[in-house]
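The values are calculated or read from the model by the stated rules, or taken from the named source; none is laboratory data. Since the structure is predicted, the reported quantities are computational estimates derived from the model, not experimental observations. Heads up, the Cβs are rebuilt from the backbone with ideal geometry, glycines too, and the neighbour counts pull from every protein chain shown. Quick note on the areas: whole protein, heavy atoms, side chains included, nothing else; ligands and nucleic acids left out. Shrake-Rupley method; radii C 1.70, N 1.55, O 1.52, S 1.80 Å.
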Amino acid sequence: MRPFGFCTLTAAALAAFTGQVGDALIFSSLLFLFRFLPIALAVYYLAPANLKNAALFLISIVFYSWGEVRYFPVMLSCIVGNYLLALCMGRWEEKPAARRFLLVLTVVFNIGMLFFFKYTDFFLRNLNALFGTNFAMLNLTLPLGISFYTFQTMSYTLDVYKRTVKPERNIIDLGAYVVMFPQLIAGPIVLYKDVAAQLKVKKGRCHASQIDEGAGLFVLGLAKKVLLANSVGALWTDVQNLGYANVSTPLAWLGAIAFTLQIYFDFSGYSTMAIGLGKMLGFEFPQNFNLPYISRSITDFWRRWHMTLSGWFREYVYIPLGGNRRGKRRQILNLLIVWCLTGFWHGAEWNFLLWGLYYFVLLTIEKLWLQKPLANGRVWPHIYALFFIVVGWAIFAVDSGLTDLAVFLGQMFLPSGGVSAGYFVRNYGVSLAVAAFCSTPLPGRFYQWLCRQKWQAGRILVLGALLLLSVAYLVDSTYNPFIYFRF
């Protein structure tokens, strides 16, 4: 079968059997679980070996276009632009000046695209406030996953410039890497050099053991997202609905703790599902979370939280700026730049920039004065880290304006009356306790023990129960947000 014919058949099959295009597909939805995913896997597994990437490309296009079909040309231009830039870099190996020009063009093209859609209104709004101008807002909808896929395509072209990878001449293979649906919307951020060899495997890409392992990870991630994140997240939503000025100090802290647990299980659950789906398709994605809430310091926390984003900024921003090789002052300046960019990457609001600066200050203090005390401590470093992590998530969570953020932080740190926490402790206490327990290493150790058993009945029963409970929750509840979709 010719590639064009197979691709057309793939798109037609998915469109016919999954229904009308509407809201964006999320992994933790019944539509994705029982319609899109089975059909997508069937198409992918049945595709001839030499058409696996074409099938993956078309499946992922359908997935993305489900809720963002009007912005598909933006993604397509990102793929084609970086494809051509990388080819030119490869062709002009002996022309350093031309390659440097292409490098600048790469950064301007990718960052410019991200800036236009994500930050234009932010700057226009602030210019109007500062100078009394009257610039009209563009009111653009943020294309799904643009923060992730622009970083991925840019890293590919930067790696071609550094000669760590060769230019990809097959645009379908490059497109399959960029739009691969498991990691398209919310990561993990997968570098081309990490999957280039796997993209070239035609026969025997998917093994039964890998599919089995991936399915298990997907169910665990689904349970994290649905049973834990959604359960505790409802408490934070209640706090928002009450109004930040109306909550008592204990309830403000309870809400901040709830959001701390929600964002972890929401995002790490989605990442676990993505890694599991990747395995089911024959790809090994990098780990994105490693029990961040058992950290002994803020430095340790950022080695465990959103590891692929931290790694991206370290490799493509911090090290090129000089890292820690040019003295302490330059290192601190480099950290300031990285953390301003990290905060701003998360959103076009002042609270995200403050959140990045907050972590810059904490990390700088640790590097200058606290490394030895934290290394020698036993219990207090965990308490210290958790305290500042919770406060950090409070800054992150209140994105409705600096006034609201000041009010909420005031409620947290200045003893205040208001709506009591008692009712919410009774309603959410069990969910919070279970989520806190699941943020420790113990559940993971238990699952690994089940995986090592000769007979897999225990593992299958646990996964089956988690899947059944997750589906039951989805059937019964309409509360199913996903925080990182807006980034």
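If R0 equals 35 Å, the separation of the Cβ atoms of Ser477 and Leu127 corresponds to a calculated FRET efficiency of about 0.25. Less than 5 angstrom separates the built amide H of Val419 from those of Val247, Ser248, all sequence-distant by 5 or more or on a different chain.
Counting every pair of alpha carbons in segment 137-240, the share spaced more than 24 Å apart comes to 46 percent.
Calculated on C-alpha atoms, the gyration radius of the chain divided by its Kirkwood radius gives an Rg/Rh of 0.96. For segment 400-487, the residue among Ala406, Leu442, Gln453 whose Cα projects farthest onto the positive side of the dipole built from Cβ charges is Gln453. Ranked by the mean number of other Cβ atoms within 10 Å of their residues, highest first, the peptides 349-360, 451-462, 424-435, 261-272 come out as 261-272, 349-360, 424-435, 451-462.
Note on Lys162: aspartates and glutamates with a C-alpha under 20 Å away, same-chain residues under 8 apart excluded, are Glu93, Glu94, Asp194, Glu315. Counting only residues at least eight positions apart within a chain, or on another chain, the lysines with an alpha carbon under 21 Å from that of Lys203 are Lys52, Lys193, Lys279.
Phi-derived couplings, Karplus 6.51 cos²θ - 1.76 cosθ + 1.60 at θ = phi - 60°, listed residue by residue for segment 354-363: 4, 4, x, 5, 4, 6, 4, 4, 4, 5 Hz, with x used for Gly and Pro. Straight-line cross-link partners of Lys367 among the aspartates and glutamates, defined as a Cα under 19 Å from its Cα and at least 8 positions apart when in the same chain: Asp300. For the chain, the solvent-accessible area of protein heavy atoms averages 45 Å² per residue (probe radius 1.4 Å; ligands and nucleic acids excluded).
A Förster radius of 22 Å, combined with the Cβ-Cβ distance separating Val108 from Arg163, puts the computed FRET efficiency at roughly 0.55. Taking θ as phi - 60° and the Karplus parameters 6.51, -1.76 and 1.60, the scalar couplings of segment 397-412 work out to 6, 8, 10, 8, x, 5, 5, 4, 4, 4, 5, 5, 5, x, 5, 6 Hz in sequence order, x denoting glycine and proline. Think of it as helices only: each DSSP H run of n ≥ 4 in the chain is worth -39500 (n - 2.57), and spread over all residues that comes to -22000 deg cm²/dmol at 222 nm. Going by Cα centres, segment 57-91 and segment 196-240 are how many Å apart? The two parts, judged by their Cα centres, are 24 Å apart. Using only alpha-carbon positions in segment 41-189, the gyration tensor eigenvalues give semi-axes of 30, 24, 10 Å once each is multiplied by 5 and square-rooted (largest first). Extension gain, Leu333-Val434: 0.36 nm per intervening residue step, less the Cα-Cα distance, totals 32.3 nm.
Against the empirical curve 2.2 N^0.38 Å, the C-alpha radius of gyration of segment 355-429 lands at a ratio of 1.38.
Across the options Ala136, Met113, Tyr71, the greatest Cα extent toward the positive end of the charge dipole of segment 70-170 (unit charges at beta carbon of Lys, Arg, Asp, Glu) belongs to Met113. Considering only Val165, Pro286, Phe122, the residue lying farthest towards the positive end of the dipole of the chain is Val165, judged by Cα position with unit charges set on Cβ.
Ordering 171-182, 329-340 by mean Cβ neighbour count within 10 Å, with the highest value first, yields 171-182, 329-340.
With a simple spin-label model that places each label point 7 Å from the Cα along the Cα-to-Cβ direction, the separation between Ala197 and Leu402 comes to 5.0 nm.
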